[in-house]
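Following: one structure in structure tokens, then a few remarks.
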């Protein structure tokens, strides 16, 4: 025991020497200073305030406890009384100067005198200036609690302290005032304001025997600092250690700084510009090493995994073959309706697909092959196998209409088409999808033909076959544009590591994919959105649960059954999920995030999702042509429902006017993206949007959807947002039609909730006071369900 005590004392002095904490007062000195005195402690419900109150009461002080939370104050009081001390509870909200003045009057009336005031109540906030652009209330709230409230309290208490012959004031401040700490501007400004006011007032108060001292504390481990991940592993003092330093200021009437803060304040005074440049360099350095830190959390830097990924990427290029080869061989790769499958088994299926595609379909490296399958192991194995063969895979929606399927195959010069089995497709879609083999197609492995292209069901490719020999050039993957207005076209972009690193870092920081933790991908994998997260899960070793269709109970059931950490879904799927009664929701306790993408997430649906899921909603914006452009965090969606957020690391967004130059925040123009194109070129998305003052992006429709009606520019996005706020409206499709008087006007096809009796006239009357004349659709058609693409976007009839 004696040995342990010696070690503890040695460790404590080491912490003191490093400037992590400081010394407290001697017991006799503290008792002489406060025994029989009345001491007011603000912010006394927890943390530093509660620990200070207990320490002072143990030394003989009568402690007045002030904070907003009554039950916590009463708990602290009961602990003090049980230990033989005296304490009184005075609940008050010091963010209100009026409440602070009323508190002071009550204290003087009840206790007659206040000998010592420990001003500890405060609000801490870590937020960059950019993120504060539309959050001026952050400035107001921190200033109210950290400056205005304490000043008002002291102004009201000082006459009583003078009349009693003097007193002492201790300000619990921060060592951050010794430097210009980035991301803490609102907090430090408010603390500096009170610190400056009190230091100036101290000169005037000393003749009245009222003295002032300040404890400039460094990081303290409390509930207030806990939400900041950056500080969870940083050296910090405990609340009890901080209380000792505060009590030393009470007993000795002296200021306290950690030694490094004293040096910092001197250096700042002597060379402010140098310090500023140094801190800015530190911020840039922290940003530069962020990818290393974020990727290290995924385990990608482990030698075995890194070698597998590099080898697979070199051999198979940008394809699912790389993702399958990069995973741990004995780990679970994905889970579908047939259960789990390991990487080793999936790799074996892909190898057989490559051999059979070459032997039965006559495919060779460089051939282009259409793949029209749902999300399951067959899709992954086929895509990976074709890539191993060196073929270019064109991912096609399984339900693509026959005429569009034929046109895509012809235009893309496809040498073959791989589909679902006819009986599976018929069972899943109430009839075979265009492009699938007929029901009487041969089942002996022979290919049929679709639009003149040899066609084979994917199960025919996974039979036994001799493995391929030799090494083919890496195959590529092509995804189609949405095709809402015509025949979709294929797109494939080169993605070197230098382009991927920034966006991947941002995404893993926002929604970390953890090795071994399942993720549910409910979005179709033939779309870039679903393909991205399918590939990411495979590469990072997170079992991918593939759920096809829009059945909300099936999706939620998969999340619950596999305790998935992340859910990737379409807005149409999420809408059906929130419409599901709460009684039919399973336990989703393991779910950390819900990501929406591939189609617009309206402000109304966003609010409903936040009500049901809480602060776990993310909204992603990307286009097939321009790549991932932005993602909104739960904080973004709380502040601005419907936003798609900000650009990820390494990507830039601008809003261009008709002349191609940038427009200011609030103005609508074309969304352009830079960072995914070689040479740093800007790429137009064809979408209309605007930025808010905080730099968050909003999508307002398609560029070719904007109309001029009676000389006014009308954007479909805001109009649709208003119409979907009607309680009976679930979605709306807006299209431009000619108008003899105004040139153009909007026509609305409105999808209503099941059982709704809403009429076009009722909706028109409801919208009259919410939309301008030019925005109001004159022609309104009410439908039970809109036709949609595989990603849930309404199909325009053009």
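The values are calculated or read from the model by the stated rules, or taken from the named source; none is laboratory data. Bear in mind the structure is a predicted one, so any value in this text is a computation, not a measurement. We place every Cβ from the backbone using ideal geometry, glycine too, and count neighbours over all the protein chains shown.
So, residue 170, is that one more than 37 Å from the chain's Cα centre (by Cα) and surrounded by 21 or more Cβ atoms within 10 Å (Cβ to Cβ) or not? Step through it out loud before you land on a result.
Numbers: more than 37 Å from the chain's Cα centre (by Cα): yes; surrounded by 21 or more Cβ atoms within 10 Å (Cβ to Cβ): yes.
It is true that residue 170 is more than 37 Å from the chain's Cα centre (by Cα) and surrounded by 21 or more Cβ atoms within 10 Å (Cβ to Cβ).
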Flag for residue 598 being assigned to a strand (DSSP E or B), in contact (Cβ under 8 Å) with a residue 12 or more places away in the chain and either closer than 30 Å to residue 562 by Cα or not assigned by TED's automatic domain parsing to the domain that holds residue 557 (or both): no
Looking at (1) surrounded by 12 or more Cβ atoms within 10 Å (Cβ to Cβ); (2) out of contact with any helix residue (DSSP H, G or I) (no Cβ under 6 Å at 6 or more places or on another chain); (3) not assigned by TED's automatic domain parsing to the domain that holds residue 379, which one does residue 334 not meet, given that it meets all the others? (3)
Restricting attention to the stretch 140-163, does a residue exist that is part of a loop (DSSP other than H, G, I, E, B), in the same structural domain as residue 205 (by TED's automatic domain parsing), in contact (Cβ under 8 Å) with a residue 24 or more places away in the chain and under 25 Å from residue 246 (Cα atoms)? no
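Kindly provide the set of residues from the stretch 757-775 that are free of Cβ contacts under 8 Å to residues at least 40 places away in the same chain, in contact with a strand residue (DSSP E or B) (Cβ under 8 Å, 6 or more places away or on another chain) and surrounded by 14 or more Cβ atoms within 10 Å (Cβ to Cβ), ordered by number.
Initial filter on the stretch 757-775 (free of Cβ contacts under 8 Å to residues at least 40 places away in the same chain): 757-762, 764-765, 768-769.
Next cut, in contact with a strand residue (DSSP E or B) (Cβ under 8 Å, 6 or more places away or on another chain) only: 758-760, 764.
Within the stretch 757-775, 758, 760, 764 meet the criteria.
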Among the residues of the stretch 697-712, is there at least one that is modelled with pLDDT of 90 or more and not in a strand (DSSP E or B)? no
Given the conditions (1) surrounded by fewer than 16 Cβ atoms within 10 Å (Cβ to Cβ); (2) over 28 Å from residue 404 (Cβ atoms); (3) out of contact with any helix residue (DSSP H, G or I) (no Cβ under 9 Å at 6 or more places or on another chain), and given that residue 362 satisfies all but one, which numbered condition is not satisfied? (2)
Considering each residue of the stretch 670-693, count those that are more than 20 Å from residue 642 (Cβ to Cβ) and either in a strand (DSSP E or B) or at pLDDT 90 or above (or both), and give that number. 5
Scanning the stretch 560-583 residue by residue, those within 21 Å of residue 607 (Cβ to Cβ), free of Cβ contacts under 8 Å to residues at least 40 places away in the same chain and in a helix (DSSP H, G or I) turn out to be 574, 576, 577, 578, 582
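Show me the strands (runs of 3 or more DSSP E) found entirely inside the stretch 348-419 where at least 2 residues are within 33 Å of the chain's Cα centre (by Cα). First the steps, then the outcome.
Details: elements: 368-372, 392-395, 416-419.
The strands (runs of 3 or more DSSP E) meeting that bar are 368-372, 392-395.
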Checking residue 367 against (1) more than 30 Å from residue 402 (Cα to Cα); (2) out of contact with any helix residue (DSSP H, G or I) (no Cβ under 7 Å at 6 or more places or on another chain); (3) buried (at least 17 other Cβ atoms within 10 Å of the Cβ): exactly one of these is not met. Which one? (1)
Please work out which one of (1) under 23 Å from residue 655 (Cβ atoms); (2) touching a residue at least 60 places away in the same chain (Cβ under 8 Å); (3) touching a strand residue (DSSP E or B) at 6+ places or on another chain (Cβ under 9 Å); (4) not assigned by TED's automatic domain parsing to the domain that holds residue 651 is the condition residue 724 fails and give its number. (1)
Checking residue 324 against (1) touching a helix residue (DSSP H, G or I) at 6+ places or on another chain (Cβ under 7 Å); (2) over 21 Å from residue 474 (Cα atoms); (3) at pLDDT 80 or above; (4) buried (at least 19 other Cβ atoms within 10 Å of the Cβ), the condition it does not meet: (2)
Quick one: count up the residues across the stretch 306-320 that are in contact (Cβ under 8 Å) with a residue 40 or more places away in the chain, assigned to a helix (DSSP H, G or I) and within 29 Å of the chain's Cα centre (by Cα). 2
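If you go through the stretch 528-546, how many residues are at negative phi and either outside any helix (DSSP H, G or I) or in the same structural domain as residue 477 (by TED's automatic domain parsing) (or both)? Before the answer, list the steps.
So in the stretch 528-546, the residues at negative phi come out as 528-540, 542-546.
Then drop every residue that is not either outside any helix (DSSP H, G or I) or in the same structural domain as residue 477 (by TED's automatic domain parsing) (or both), which leaves 542-546.
Residues meeting the conditions: 5.
So in the stretch 173-200, with the set limited to residues that are over 18 Å from residue 120 (Cα atoms) and part of a helix (DSSP H, G or I), which one is farthest from the chain's Cα centre (by Cα)?
First, the residues of the stretch 173-200 that are over 18 Å from residue 120 (Cα atoms): 178-185, 200.
Adding the requirement that they be part of a helix (DSSP H, G or I) leaves 178, 185, 200.
Details: 178: 32, 185: 23, 200: 43 Å.
Looking at the filtered set, the residue picked out is 200.
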Taking first residues from the stretch 457-481 that are assigned to a loop (DSSP other than H, G, I, E, B) and second residues anywhere that are surrounded by fewer than 14 Cβ atoms within 10 Å (Cβ to Cβ) and at pLDDT below 80, the pairs with Cβ under 8 Å that are 6 or more apart or on different chains are none
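For residue 667, state whether it is in contact (Cβ under 8 Å) with a residue 12 or more places away in the chain, over 17 Å from the mean Cα position of the chain (by Cα) and in a helix (DSSP H, G or I). Give the steps one after another, and end with the answer.
Numbers: in contact (Cβ under 8 Å) with a residue 12 or more places away in the chain: yes; over 17 Å from the mean Cα position of the chain (by Cα): yes; in a helix (DSSP H, G or I): no.
In short, no.
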Any chance the stretch 95-108 includes a residue that's farther than 20 Å from residue 255 by Cα, in the same structural domain as residue 149 (by TED's automatic domain parsing), in contact (Cβ under 8 Å) with a residue 60 or more places away in the chain and not in a helix (DSSP H, G or I)? no
Between 251, 201, 261, 239, which is outside the structural domain of residue 169 (by TED's automatic domain parsing), under 30 Å from residue 160 (Cα atoms) and in contact with a helix residue (DSSP H, G or I) (Cβ under 9 Å, 6 or more places away or on another chain)? 251
Identify, please: which residue in the stretch 607-652 is without any contact (Cβ under 8 Å) to a residue 40 or more places away in the chain and surrounded by 23 or more Cβ atoms within 10 Å (Cβ to Cβ) and is, among those, farthest from residue 722 (Cα to Cα)? 617
Restricting the stretch 670-688 to residues that are touching a residue at least 40 places away in the same chain (Cβ under 8 Å) and over 16 Å from residue 648 (Cβ atoms), which is nearest to the chain's Cα centre (by Cα)? 687
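Taking residue 525, is it over 16 Å from residue 479 (Cα atoms) and in a loop (DSSP other than H, G, I, E, B)? Explain how you work it out, then say what you get.
Values: over 16 Å from residue 479 (Cα atoms): no; in a loop (DSSP other than H, G, I, E, B): yes.
Spelling it out, it is not the case that residue 525 is over 16 Å from residue 479 (Cα atoms) and in a loop (DSSP other than H, G, I, E, B).
What do you reckon, is residue 702 free of Cβ contacts under 8 Å to residues at least 24 places away in the same chain and in contact with a helix residue (DSSP H, G or I) (Cβ under 7 Å, 6 or more places away or on another chain)?
Values: free of Cβ contacts under 8 Å to residues at least 24 places away in the same chain: yes; in contact with a helix residue (DSSP H, G or I) (Cβ under 7 Å, 6 or more places away or on another chain): no.
No; evaluated as a whole, the condition is false for this residue.
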All positions within the stretch 272-301 that are surrounded by 12 or more Cβ atoms within 10 Å (Cβ to Cβ), at pLDDT 80 or above and more than 21 Å from residue 233 (Cα to Cα): 275, 276, 278, 280
